[in-house]
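The values are calculated or read from the model by the stated rules, or taken from the named source; none is laboratory data. Fair warning: this is a prediction, and the values are worked out from it, not measured in the lab. Cβ coordinates were reconstructed from backbone atoms using ideal geometry, including for glycine residues, and neighbour counts include every protein chain displayed. Just so you know, the surface numbers come from the protein's heavy atoms only, side chains and all, with ligands and any DNA or RNA stripped out. Shrake-Rupley method; radii C 1.70, N 1.55, O 1.52, S 1.80 Å.
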Amino acid sequence: MLFKECFSMAITALWANKLRSLLTMLGVIIGVGAVIALVSVGMGVRSGITENFESLGANTLIVMPGAANRGGPRGAKGSNRTLKYDDAKAIEQKIKNIDYVSPTVTHAFQVVNGHQNWNTSVTGVTPELLSIRSLTVENGSFITQDDMKKRTRVAVIGATVAENLFGADNPVGHNIRINNQPFRVIGLLASKGSSGFGQDQDDMIYIPITTAQERMMGIDFVHSINIQVSSTDKIDQVEDEVTTLLRQRHRLTGTKEDDFNIQSTASIIESVNQSTSMLTLLLGAIASISLLVGGIGIMNIMMVSVTERTREIGIRKALGATFQNIMMQFMIESMVIGIAGGLIGIAFGIAASFAIGSFGTVKTTITMLPIIISFLFAVGIGLFFGIYPARKAAKLDPIEALRYE
């Protein structure tokens with residue numbers, strides 16, 4: 001009954017000073033909302049990046065040119081030219097437990113269709129990339145082995161490129177110019193949307209790798225080799241075999257450092273998850289500072305409330321209220337501020353998360369854990385910063401309090 005009475009009095013006191021109560025809660029509202037919104041951004045980025053790499057397949061290896069960085073940035077001279085198309089063919093022919101192998105080269109070019117032009121990434125690929133990357137051709141067809149052999153000028157374009165060059169028209173069968181060279185569009189890829197960092201995965205053109213190397217870039221090396229392993233439990237074995245094969249082909253004997261590095265999508269996902277988890281914690285910690293500021297605001301207003309209600313406290317003590325009774329009254333008031341501010345902050349944070357996800361390029365993911373933690377933290381802040389004003393009120397001498405003007 002005493003708790004119920006104190007709770008009712010706390011609500012009445014806060015409602016009697018609506019504007020002051022709202023301003024007192026503002027720090028808590030902003031703090032809780034900021035924690036939820038920023039953590040949702042961090043979780044969204046993590047989820048988006050993980051989904052992107054998982055789309056490559058959990059059993060995919062990516063061979064990149066250049067020595068792996070250990071103990072700081074480094075790499076052999078010309079390390080970006082160490083991988084050849086023949087390396088990819090050797091991996092495909094000599095190593096077991098592999099489904100597909102696709103070397104790639106990438107360069108940004110200006111693409112033109114009539115009066116429309118667009119700057120995008122052009123990637124030279126083999127037909128196997130369609131399966132490795134889980135790409136879907138919405139209209140037309142993908143690059144074939146015949147296109148590879150004849151070095152034909154054909155292109156498969158993403159949805160963003162199609163929209164910017166052709167609008168609502170079907171691009172298949174039309175001609176475009178890539179770096180002022182004519183190409184025929186043979187396929188349109190299904191949309192994959194934006195990545196976790198806001199990168200447009202549909203802003204892409206695929207052409208035969210032989211055409212890209214010899215007719216577009218004038219190079220005899222590749223930028224990466226994508227390998228799809230037949231099963232996840234064979235990844236380590238295939239990685240070791242690929243390392244041994246490439247060291248033999250590149251004549252790397254003894255303790256000579258590899259002039260290439262191999263990464264699995266699983267290890268990349270793990271590294272990304274670790275990095276984004278740290279980022280999410282950092283964002284949450286920064287936002288939590290607002291909660292501490294809100295707690296100071298609660299203590300300040302509670303001190304003002306104690307001063308304003310000095311005579312009331314004196315009367316309550318004169319009528320028999322104990323130290324614990326007065327403590328409870330003011331502690332409940334500060335707790336109610338924390339609860340109300342926390343609830344409003346949750347609504348504000350969820351709304352902000354939806355707004356960021358809807359109008360921004362960053363994906364957001366709302367989970368219950370930051371909502372629960374931030375709400376409990378808000379209630380705890382209200383209780384903690386209400387202790388000192390409550391003790392001050394409870395320690396007031398009833399005679400002096402009654403004399404207070």
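Computed values, structure above
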read-out: Residue in region 156-177 that is surrounded by fewer than 15 Cβ atoms within 10 Å (Cβ to Cβ) and polar (S, T, N, Q) present; value: yes
read-out: Tally of residues being of a type in the set (A, V, I, L, M) and buried (at least 16 other Cβ atoms within 10 Å of the Cβ) across region 361-401; value: 13
read-out: Criterion (out of contact with any His (no Cβ under 8 Å at 6 or more places or on another chain), surrounded by fewer than 13 Cβ atoms within 10 Å (Cβ to Cβ) and in contact (Cβ under 8 Å) with a residue 60 or more places away in the chain) met by exactly one of Asp236, Asp220; value: Asp220
read-out: Single residue of region 5-19 satisfying the filter (more than 16 Å from Ile339 (Cβ to Cβ) and aliphatic (A, V, I, L, M)) that is modelled with the highest pLDDT; value: Leu19
read-out: So Ala266, is it open to solvent by 30 Å² or more (accessible area, probe 1.4 Å), in a helix (DSSP H, G or I) and in contact (Cβ under 8 Å) with a residue 40 or more places away in the chain; value: yes
read-out: Residue, nearest to Val272 (Cα to Cα), within region 153-170, restricted to residues that are free of Cβ contacts under 8 Å to residues at least 40 places away in the same chain and of a type outside the set (Gly, Ala, Ser); value: Glu163
read-out: Scope region 96-122; condition closer than 30 Å to Asp236 by Cα and surrounded by 19 or more Cβ atoms within 10 Å (Cβ to Cβ); matching residues; value: Ile98, Tyr100, Val101, Ser102, Pro103, Thr104, Val105
read-out: Criterion (over 29 Å from Gly193 (Cα atoms), assigned to a helix (DSSP H, G or I) and at pLDDT below 90) met by exactly one of Phe377, Phe354; value: Phe377
read-out: Among (1) open to solvent by 30 Å² or more (accessible area, probe 1.4 Å); (2) among the small types (Gly, Ala, Ser); (3) in contact with a Leu (Cβ under 6 Å, 6 or more places away or on another chain) - the single one Ala347 does not satisfy; value: (3)
read-out: Of residues in region 132-144 being of a type in the set (S, T, N, Q) and either surrounded by 15 or more Cβ atoms within 10 Å (Cβ to Cβ) or more than 31 Å from the chain's Cα centre (by Cα) (or both), the one farthest from Arg215 (Cα to Cα); value: Asn139
read-out: Residues satisfying the stated conditions in region 359-381, i.e. of a type in the set (Gly, Ala, Ser) and more than 15 Å from Gly48 (Cα to Cα); value: Ser374, Ala378, Gly380
read-out: Residue among Met335, Met331, Met303 that alone is touching a helix residue (DSSP H, G or I) at 6+ places or on another chain (Cβ under 6 Å), more than 23 Å from Leu281 (Cα to Cα) and surrounded by fewer than 18 Cβ atoms within 10 Å (Cβ to Cβ); value: Met303
read-out: Unique match (being surrounded by fewer than 18 Cβ atoms within 10 Å (Cβ to Cβ), closer than 30 Å to Ala340 by Cα and modelled with pLDDT under 75) among Leu22, Leu2, Leu26; value: Leu2
read-out: Filter result (closer than 17 Å to Val161 by Cα and in contact with a Phe, Trp or Tyr (Cβ under 6 Å, 6 or more places away or on another chain)) within region 95-149; value: Val111, Val122, Thr123
read-out: Residue list for region 191-238, filter: outside any strand (DSSP E or B), modelled with pLDDT of 90 or more and aromatic (Phe, Trp, Tyr); value: none
